[in-house]
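K.L.:
Take this structure, written in C-alpha cells, and hold onto it; I'll ask about it next.
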Amino acid sequence: MKKNLYPMIFLIALIVFPLVLRQEYYQHLIILFMMWVVIGSSWNLLAGYTGRVSFGHAAFFGSGAYAAGLLAYHYGISPWWGMATGGLLATAVAFPFGWITFRLHGAYFALATLALNEVLKDAAKIAEPLTNGMVGILIMPTFSSKLPYYYIILVMMVLTILCMRLTVRSKLGYYFVSIREDQDAAESMGINTTRYKMISLCIGTFWTGLAGAFYMNYMGFIDPSVVFSLQDLSIAAVLVGIVGGVGTIYGPAVGAFIMIAVQEFFRSGFFGLFKYFGDKTGSGAFTTLSEFVKSAHTLGFGLLVILVILLLPNGIVGDWTKIKTKLFRMKVTT
Amino acid sequence: MSFFRAENLVKYFGGLAAVNNVSFEVHQGEIFGLIGPNGSGKTTTFNLISRYHRLTSGRVIFKGQEIQHLPTYKICRLGIGRTFQVVKPLRRMSVLDNVIVAAFARVNTMREARELALQTIEFCGLLPVQNLLAKSLPIAWRKRLEIARAMATRPSLLLLDETSAGLNPTELLQAIDLIKKIRDNGTTIIIIEHIMHVIMSISDRIHAINFGQTIAEGTPQEVAQNNAVIEAYLGTDYA
Amino acid sequence: MDVFWQTLVAGILKGGLYALIGIGMTLIMGVMGIINLAQGQLMMVSMYITYVLFSALRIDPYLSLIIAMPALFLLGVLIQKYLLNPLIKVDTILPHNQVLMTVGIGMVLTEVARFIFKSDYRSVSTTYSNETFFLGHISFSVALTVAFGIAVVFTLGMFWFLMKTDLGRSIRATAQDKEAATLMGVNTGRITVITFGLGSALAACAGTLLAPVFYIFPDIGAPFTSKAFVIVVLGGLGSTVGAIFGGLTLGIAESLGSTYLGMDYENIIGMVIFVAVLVFLPSGFKRLTKV
C-alpha cells in the first residue's frame, strides 16, 4: 500500500486543487497537464514498453479530435458522444497502419508514423467540404466554467494510468516488454509478436484519440495545423515520454509536468522576469528579449530533447537512482 | 506414427545451398545429436524447423502434423522449444521475468505463470540468480536461462543449440546433467554440439552433416568410426 | 503535350536537387544506420548563410558554395562528435535515441534561425532568379538549370570520392560492416564524423543552389527533411544510386501532381509514394538495382 501512497496524495491534491485555487489560468494549465499525461502514457505504452517509437502521435490525437469535431459540426451530435468515437477512430486509423508497418524492420514504423502524421494533416487541409480545410472547425462549448472539463480529464487520466498499470502487470505487459527486448526470442517463446504489437498500438492510440476528442470539446476549435502539429504534438509527446522516463508508469506524469512548466516558463517570458528588467532599466534589449522568449518554447523543447537524451537517457524516473547519488555526492563534496 | 521427421530439407540463400536434402527422424524420448563442422548447416536446420527461415523445399512433420508452413510462435505452442546459439536473453528483465514470459505460453494468469516459472527455475538450478537482470548474468548462467525459458513453454521436443559452448569443465558437467535430467523428465531432445565428447556421451543417435548434406547417421560409436565424418572433421589425411 | 513535357522538365530539374539532399541523408543512413531528421534543417542553415553573404556582401550564391559547404561540414562534424557519437555507448530503454536527437537538433536549428532572422520570408533575388530560356516550346529556369548542372557535378564527384579514394573506401566499408571495418584498421569513429560532415555539406550544396529560387524562412527545413526521407526509403536505405532515382522520381511525381491535381497535392504525393513503397517494395529501388 505504501507504494501507492504518493500517487494517492497526488490524486487527492488534484481533486481539491480547483476548489481551492479558482483562477482559471491555473485550472487551464492543470487540465493541459492531465491531458498530456494521457497522451504521454499512451505513447509510453507503445515506445517504452513495446519498443516501437511513434514520431507521429499527432496522427492519432488529430483523428480523435476530428472525429468528435465533425460529428458535432455536421450532425449536431453532442461532442461527448463524439469522445468515444474519437478513441475508436484513432484506433481504426492505427489498425491498418500497424498491420502494414509492423511486418517491416523496426525503424520503418517510426518513420511511417511521421509520414502518417503528414498525410493526415494534408488530407485534413485538402478535404475542405468535410473538414473546412485550413479554416478549421468551431463548435459551441458545452460548459462555460472550466470545472467540468477539469474533472472529466481527471477521470480520464486516472483511468489511463490504471489501464497502463493493469496492462503492464499482466501477461500483456510481459509480452510487450519481451518484444521490446528481443523479438526473435519472443517468437520462440510462443508469442505472436505482430498481434501483440497491434494490441499495444490499439490500446495506446485509443487513449490518444480520446485525449484528442477531449481537446476538441475543451478548446471548441481545431484546425489541421494545431491538432496534427508535428512539433507541438508529436514531438511534444515524445518529449513527455522521455523526460519522465520511458518504460515507467509515472514517468509520463513527470514529463507532462515539466513540459507544461517549460512551455509556460517561456510563454510568460520567464514569468515576466525580462519584462520586469526591461521596465526597470528602460533598456529596449530586455523588452525585445522578452518578446522573443515568449515565442521560443519550441526552442526550449528542442534543447530539452537534446539534453535529456544526452544526460538522462532513461528519464527522470528511470534514472532517479543515478540522479540521487549524483546529488548526494555533490552534497558530500561541498 | 513417427514423433518427429524432417524430410528432404532444402534451403538456398541466394544461389548457395546451406542445407541440401537433409532427412532424419527422431524417436520419442531420445537425445538426438546433430553434428558437423563449422558452417555445415546445423543451426540453419534448427532455424528451418522453428521457421526462422522459410524452407526452399521439404517437409517437417511433428506428431503427424506438417508444420513447415506454421509461424514460429505456433511451432512453439505445438510443443517444440528451442535455444539460440547466440543467446537472446530479455536483457532488462529479471531471470524470473524472462521465464514468466515463456510460461505464459501455457497459462494465462500471473499467479499460474509465476508458479510454473519458479518450478522451471528450480529445475534448471537458476534459483540463486532469479532476481538478477538477465543482462548482468555471466555466459554459463545465460545459457542455462535459455534452457529454462524453452522448458517453461512445456515442450515435448527441445532443440538445444550449442548450450555448452564457452563453459568451463565444471559448468560443462552441470550442463550435461541438466540435459540428461530434461530427457529423463520425458522431453525429447535434438542437440547441436561442438564438443565431441559431450555429444558422444549423451546422444542416443547422431546425425552428421557437412556442406549441408547428410554424411552419416547411427549410434555414437558407428558415427565416430565413419570415414566421411573423420574426413570432415580432421581432413582427408586421417580418413 | 507541351504542358506534360514542361512539367517533366521542371520535375527532373527539381529532382536533381532532391537527389543531392537524399544522397547526404542516405550516406549517413548507410554508415550510422540512422535517418538524420535534421537534414532539411541543415539545408535551411546553408540557405541563410547564402542569404547573408548575398545581402550583406553581394556574393553570388554560386560563389558562396565555397563558404557554405565547409561551414556546414564543420557543423555536421561537431554534431556527430559531441551529440551523436556519445549516444552509442549509452544504455537506454529508448529505441532510436539517435534519431530523436536529430529531431531535437532540427528544432533547435529552426528556432535559432527564427531568433536571428524572424519568421519573415526572405529571398536571394539575383539577376537570373526569374530568368528563363527556351528549348523548343519548353522553358527552362536558368537558376534551376545551373543548379541541376552543379548538382550533377557534385553527385559524380561524390561517386568518384566513394569509389576511388581511400577515405571513400573506408566509408563504404563502414557502411557494409562496422565491426569488420574496425578489425581492418578503419577508425570507424572518425568515419562517422566525416560522413555526417559530408552529408551536411551535400545538404548545404542543395540549400545554396535552391536559395535563388525559393523563399527562405525558418520552417523551410522540415518539408525538405520529409522529402529527403521519402527519397531515402524510395531508393532503399543506404543506397546512393537508389537515392538518385528516388530524388528524380519524387521530383517528377511532385511536378506531375501539382500540374494535374493542384498545388495542394504536392506534399501528399510524396507521402503516398512513401506508403506505396512500404507496402509493395519495402527495400526500395535497391531491391531492383542491387546497388
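K.L.:
Which of the residues belonging to the range B:197-239 are assigned to a loop (DSSP other than H, G, I, E, B) and without any contact (Cβ under 8 Å) to a residue 60 or more places away in the chain?
P.N.:
B:THR219, B:ASN226, B:GLY235, B:ALA239
K.L.:
Considering only residues that are of a type in the set (Phe, Trp, Tyr) and surrounded by fewer than 17 Cβ atoms within 10 Å (Cβ to Cβ), which ones fall in the range A:119-154?
P.N.:
Listed by number, the residues that qualify are A:PHE143, A:TYR151.
K.L.:
Let me ask you something else. Under 6 Å between Cβ atoms, which residue pairs at least 6 apart in sequence (or on different chains) link something in the range B:63-78 that is polar (S, T, N, Q) with a partner that is not in a loop (DSSP other than H, G, I, E, B)?
P.N.:
Hits for this filter: B:GLN68/B:ARG59; B:GLN68/B:VAL60; B:THR72/A:GLU187.
K.L.:
If you don't mind, there's one more thing I want to ask. State all residues of the range B:76-86 that are in contact with a helix residue (DSSP H, G or I) (Cβ under 6 Å, 6 or more places away or on another chain) and surrounded by fewer than 23 Cβ atoms within 10 Å (Cβ to Cβ); if no residue qualifies, say none.
P.N.:
Result: B:GLN85, single match.
K.L.:
Looking at C:LEU94, is it in contact with a Leu (Cβ under 9 Å, 6 or more places away or on another chain), more than 22 Å from C:GLY221 (Cα to Cα), crowded, with 21+ Cβ neighbours inside 10 Å and not aromatic (Phe, Trp, Tyr)?
P.N.:
It is true that C:LEU94 is in contact with a Leu (Cβ under 9 Å, 6 or more places away or on another chain), more than 22 Å from C:GLY221 (Cα to Cα), crowded, with 21+ Cβ neighbours inside 10 Å and not aromatic (Phe, Trp, Tyr).
K.L.:
Which residue out of A:ALA92, A:ALA107, A:ALA112, A:ALA123 is away from chain C (no Cβ under 11 Å), assigned to a helix (DSSP H, G or I) and free of Cβ contacts under 8 Å to residues at least 60 places away in the same chain?
P.N.:
On inspection, the qualifying residue turns out to be A:ALA92.
K.L.:
Please specify each residue of the range A:167-200 satisfying the condition of being within 24 Å of the chain's Cα centre (by Cα), at the interface with another protein chain (Cβ under 7 Å from one of its Cβ atoms) and among the β-branched types (Val, Ile, Thr).
P.N.:
Once the filter is applied, which keeps residues that are within 24 Å of the chain's Cα centre (by Cα), at the interface with another protein chain (Cβ under 7 Å from one of its Cβ atoms) and among the β-branched types (Val, Ile, Thr), the range A:167-200 yields only A:VAL177.
K.L.:
Only one residue in C:PHE148, C:PHE134 is farther than 30 Å from A:LEU307 by Cβ, hydrophobic (A, V, I, L, M, F, W, C) and either within 14 Å of chain A (Cβ to nearest Cβ) or part of a strand (DSSP E or B) (or both). Which one?
P.N.:
Selected residue: C:PHE134, the only one of C:PHE148, C:PHE134 that is farther than 30 Å from A:LEU307 by Cβ, hydrophobic (A, V, I, L, M, F, W, C) and either within 14 Å of chain A (Cβ to nearest Cβ) or part of a strand (DSSP E or B) (or both).
K.L.:
Of the residues C:THR249, C:THR225, C:THR208, C:THR289, only one is touching a helix residue (DSSP H, G or I) at 6+ places or on another chain (Cβ under 9 Å), modelled with pLDDT under 85 and at negative phi; which?
P.N.:
C:THR289
K.L.:
Name the residues in the range B:123-161 that are in a loop (DSSP other than H, G, I, E, B) and either touching a strand residue (DSSP E or B) at 6+ places or on another chain (Cβ under 9 Å) or under 18 Å from A:SER178 (Cβ atoms) (or both), would you?
P.N.:
B:LEU126, B:GLN130, B:ASN131, B:LEU132, B:LEU137, B:THR153, B:ARG154, B:PRO155, B:SER156
K.L.:
In the range A:58-113, what residues are more than 19 Å from A:PRO129 (Cβ to Cβ) and hydroxyl-bearing (Ser, Thr, Tyr)?
P.N.:
Across the range A:58-113, the qualifying residues are A:SER78, A:THR85, A:THR91, A:THR101, A:TYR108, A:THR113.
K.L.:
How many residues, within the range B:181-195, are in a helix (DSSP H, G or I) and free of Cβ contacts under 8 Å to residues at least 60 places away in the same chain?
P.N.:
Count: 3.
K.L.:
Pairs under 7 Å by beta carbon, first residue closer than 11 Å to C:LEU8 by Cα in the range C:252-266, partner small (Gly, Ala, Ser), six or more apart or different chains?
P.N.:
C:ILE252/C:GLY11; C:ILE252/C:GLY15; C:GLU254/C:GLY11; C:GLU254/C:GLY270; C:SER255/C:ALA10; C:SER255/C:GLY11; C:LEU256/C:GLY11
K.L.:
Does A:LEU104 meet the test of being crowded, with 21+ Cβ neighbours inside 10 Å and either hydrophobic (A, V, I, L, M, F, W, C) or out of contact with any Leu (no Cβ under 6 Å at 6 or more places or on another chain) (or both)?
P.N.:
When the stated conditions are applied, A:LEU104 does not pass them.
K.L.:
Another question, then. How about the range C:185-216: which of its residues are of a type in the set (Gly, Ala, Ser) and closer than 13 Å to C:GLY24 by Cβ?
P.N.:
C:GLY197, C:GLY199, C:SER200, C:ALA201, C:ALA203, C:ALA204, C:ALA206, C:GLY207
K.L.:
Give me a count of the residues in the range C:81-103 that are at the interface with chain A (Cβ under 8 Å from one of its Cβ atoms) and over 18 Å from A:ASP319 (Cβ atoms).
P.N.:
4
K.L.:
Out of C:LEU135, C:LEU109, which single residue is aliphatic (A, V, I, L, M) and in contact (Cβ under 8 Å) with a residue 24 or more places away in the chain?
P.N.:
Matching residue, one of C:LEU135, C:LEU109: C:LEU109.
K.L.:
If C:ILE88 passes every condition in (1) more than 23 Å from C:GLY238 (Cβ to Cβ); (2) surrounded by fewer than 22 Cβ atoms within 10 Å (Cβ to Cβ) but one, which one does it miss?
P.N.:
Failing condition for C:ILE88: (1).
K.L.:
Just one of B:ILE61, B:ILE80, B:ILE100, B:ILE75 is more than 10 Å from every other protein chain (Cβ to nearest Cβ) and either within 24 Å of B:ILE192 (Cβ to Cβ) or at pLDDT 95 or above (or both); which is it?
P.N.:
The conditions single out B:ILE61.
K.L.:
Another question, then. How many residues does the range C:68-80 hold that are surrounded by fewer than 18 Cβ atoms within 10 Å (Cβ to Cβ), among the hydrophobic types (A, V, I, L, M, F, W, C) and away from chain A (no Cβ under 14 Å)?
P.N.:
Number of matching residues: 2.
K.L.:
Oh, and also: Can you find a residue that is assigned to a helix (DSSP H, G or I), modelled with pLDDT of 80 or more and either more than 11 Å from every other protein chain (Cβ to nearest Cβ) or farther than 27 Å from C:VAL90 by Cβ (or both) anywhere in the range A:245-253?
P.N.:
Yes, because at least one residue in the range A:245-253 is assigned to a helix (DSSP H, G or I), modelled with pLDDT of 80 or more and either more than 11 Å from every other protein chain (Cβ to nearest Cβ) or farther than 27 Å from C:VAL90 by Cβ (or both).
K.L.:
Can C:ALA204 be described as within 12 Å of chain A (Cβ to nearest Cβ) and out of contact with any Asp or Glu (no Cβ under 8 Å at 6 or more places or on another chain)?
P.N.:
no
K.L.:
Among the residues of the range A:69-83, are any buried (at least 24 other Cβ atoms within 10 Å of the Cβ) and either closer than 27 Å to C:PRO95 by Cβ or within 14 Å of another protein chain (Cβ to nearest Cβ) (or both)?
P.N.:
Within the range A:69-83, none of the residues are buried (at least 24 other Cβ atoms within 10 Å of the Cβ) and either closer than 27 Å to C:PRO95 by Cβ or within 14 Å of another protein chain (Cβ to nearest Cβ) (or both).
K.L.:
Would you point out the residue of the range C:195-246, among those that are hydroxyl-bearing (Ser, Thr, Tyr) and under 27 Å from C:VAL277 (Cα atoms), that is surrounded by the most Cβ atoms within 10 Å (Cβ to Cβ)?
P.N.:
Of everything passing the filter in the range C:195-246, C:SER200 is surrounded by the most Cβ atoms within 10 Å (Cβ to Cβ).
K.L.:
Restricted to the range B:103-115, and to residues that are in a helix (DSSP H, G or I) and touching a helix residue (DSSP H, G or I) at 6+ places or on another chain (Cβ under 9 Å), which residue is farthest from the other protein chains (Cβ to nearest Cβ)?
P.N.:
Per the criteria, the residue is B:GLU115.
K.L.:
Any idea which of C:GLU179, C:GLU266, C:GLU254 is over 25 Å from A:THR101 (Cα atoms), charged (D, E, K, R) and either away from chain A (no Cβ under 14 Å) or in a helix (DSSP H, G or I) (or both)?
P.N.:
C:GLU179
K.L.:
Within the range A:116-123, does at least one residue satisfy the condition of being among the basic types (Lys, Arg) and touching a Pro at 6+ places or on another chain (Cβ under 6 Å)?
P.N.:
Within the range A:116-123 (the criterion being among the basic types (Lys, Arg) and touching a Pro at 6+ places or on another chain (Cβ under 6 Å)), the answer is yes, since at least one residue qualifies.
K.L.:
Continuing with the same structure: Restricting attention to the range B:91-109, which residues are touching a strand residue (DSSP E or B) at 6+ places or on another chain (Cβ under 9 Å) and of a type in the set (Ser, Thr, Tyr)?
P.N.:
Matches in the range B:91-109: B:SER94 only.
The values are calculated or read from the model by the stated rules, or taken from the named source; none is laboratory data. Given the structure is predicted, the values throughout are model-derived calculations rather than measurements. No Cβ is skipped: glycine too gets one built from the backbone with ideal geometry, and neighbour counts run over all protein chains shown.
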